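Read the structure below first, then the notes.
The values are calculated or read from the model by the stated rules, or taken from the named source; none is laboratory data. What you see is a predicted model; the values in this text were computed from it and never measured. Using ideal geometry, Cβ is built from the backbone for each residue, glycine included, and neighbour counts are taken over all protein chains shown.
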Amino acid sequence: MVNAAEAYRQNRILNAPPEHLTLMLYNGCIKFIDDGREALEKKDYEEANTLLQKAQRIISEFRLTLNFDYEIAHQLLPLYNYIYDRLVEGNIQSDLAKIDEAKGIVVELRDAWVEAMKKARIEKGEGTGGKGYA
């Protein structure tokens, strides 16, 4: 049986607009990177591998869903490839600097996404508040 918190989380995801799902994925990626980094510091290599692979899968999903009808997609693809490569190398080599570099870029992308969401809401006349997502 699913507990109330899990049911709420699932409902929030199922009902979220696409732009909010993207934000959730960025935040999830950052969390997996942080948790994977922490596991590496504890020398729990199996857990670190599992967590960093989850972050890698999110970046892969971003790459696969790019819409190349827009110029920004052509700019994001090499960036996502670079993040992915840093995560893989950091994971294989237990290199915290590479993992930190990947996280820094993901944080910048997430922050830019939040700003774009705010700007879009303002342009739509919805203000800066909004359903607890950004």
Enumeration of residues in segment 69-112 that are among the basic types (Lys, Arg) and under 18 Å from residue 22 (Cβ atoms): 103, 110
Which residues, counting only those in segment 91-131, are closer than 21 Å to residue 79 by Cα and modelled with pLDDT under 95? 116, 117
If I ask for residues that are without any contact (Cβ under 8 Å) to a residue 24 or more places away in the chain and polar (S, T, N, Q), which ones from segment 75-104 would you list? 75, 81, 93
Among the residues of segment 67-74, is any in contact with a helix residue (DSSP H, G or I) (Cβ under 9 Å, 6 or more places away or on another chain) and in contact (Cβ under 8 Å) with a residue 12 or more places away in the chain? no
Exactly one condition in (1) of a type in the set (A, V, I, L, M, F, W, C); (2) at pLDDT below 95; (3) surrounded by fewer than 13 Cβ atoms within 10 Å (Cβ to Cβ) is false for residue 16; which is it? (3)
Restricting attention to segment 44-61, report how many residues are more than 14 Å from residue 88 (Cα to Cα) and surrounded by 21 or more Cβ atoms within 10 Å (Cβ to Cβ). 0
Just need a number here: residues in segment 108-125 that are surrounded by 15 or more Cβ atoms within 10 Å (Cβ to Cβ) and either touching a Gly at 6+ places or on another chain (Cβ under 9 Å) or within 23 Å of residue 37 (Cα to Cα) (or both). 5
Which listed residue is charged (D, E, K, R) and assigned to a loop (DSSP other than H, G, I, E, B), from 101, 115, 126: 126
Here the residues within segment 25-43 that are in a helix (DSSP H, G or I), of a type in the set (D, E, K, R) and surrounded by fewer than 16 Cβ atoms within 10 Å (Cβ to Cβ) are 31, 34, 38, 41
Do we find a residue being in a helix (DSSP H, G or I), within 19 Å of residue 27 (Cα to Cα) and among the polar types (S, T, N, Q) anywhere in segment 68-76? no
